[in-house]
Amino acid sequence: MPHLAMHGPLGPLTIFEDSGAIVALEFGRGASGVGGGAETPLLDQARRQLDEYFDRDRFDFDLPLAPQGSKFQRAVWDQMRSIAYGETLTYGAIARRLGSAARAVGGACGANPIPIIIPCHRVLGAGGKMTGYSGGEGIETKLALLRLEGYTIL
C-alpha cells in the first residue's frame, strides 16, 4: 500500500493510500515494504494539506477518504468531519444526533483510522472534559491540536 512519511510539529506522521483514497494516518513512521513509501499525487496532496493545516493556512481538508469501519463508525466519523476548525462537540452530542450512546461514539472515535483529517481531537467528554486520544502522546497531542486551532482550553 503506498504511504508517505512526513515530519509534523507533533512528530512523524505516515499517510496511507489505497485505490485513490486516503485510508489511514498514523503517528510515527510506517514500515517500508512492497509499494511502500511511494510518493503518489494524492499522498503529496495530503502532505501539502497537512503542512498547511499545521501552518494555520488550512481549516478543512479536501481529500478523498475511505476509512474502513462499520456503518456506525463511518456515521460517527462523518459527524466528526462536520465539526468546524476550532470548535468542539461532546461524545454525548454526537450520540444524540445518531440515536446512540456516548460510550459507543467514544469507541468509534478511538477507532478512527485517519486522525487530524477526520478530527476526532475535536470531540470532548461531558462538560468539555479532556478524555483520551489514541494518537501520538494521547491527551497531550489532543490538547496541542486544539491549541493549534485556537480553541481555548479551560
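Quick notes on this one:
- Percentage relative contact order, the chain, counting C-alpha pairs under 8 Å, at least six apart: 21
- In the distance distribution for the chain, Cα-Cα pairs more than 24 Å apart total 30 percent.
- The distance between label points at D60 and R97 comes to 1.2 nm (points 7 Å beyond Cα on the Cα→Cβ vector).
- Contact order, relative form, for region 84-154: 32 percent (alpha carbon pairs under 8 Å, 6 or more residues apart, mean separation divided by residue count).
- Neighbourhood net charge (11 Å Cβ-Cβ; Lys/Arg +1, Asp/Glu -1) for F61: 0
- Electrostatic tally near A126: other residues with Cβ closer than 14 Å to its Cβ, Lys and Arg +1, Asp and Glu -1, net +3.
- Its DSSP H runs of at least 4 residues, each contributing -39,500 (n - 2.57), put the calculated 222 nm mean residue ellipticity of the chain at -10000 deg cm²/dmol, to the nearest 500.
Values quoted throughout were computed directly from the atomic coordinates according to the rules given, and no laboratory measurement underlies them. Since the structure is predicted, the reported quantities are computational estimates derived from the model, not experimental observations. Methodologically, a virtual Cβ is constructed for each residue, glycine included, from the backbone with ideal geometry; neighbour enumeration extends over all protein chains shown.
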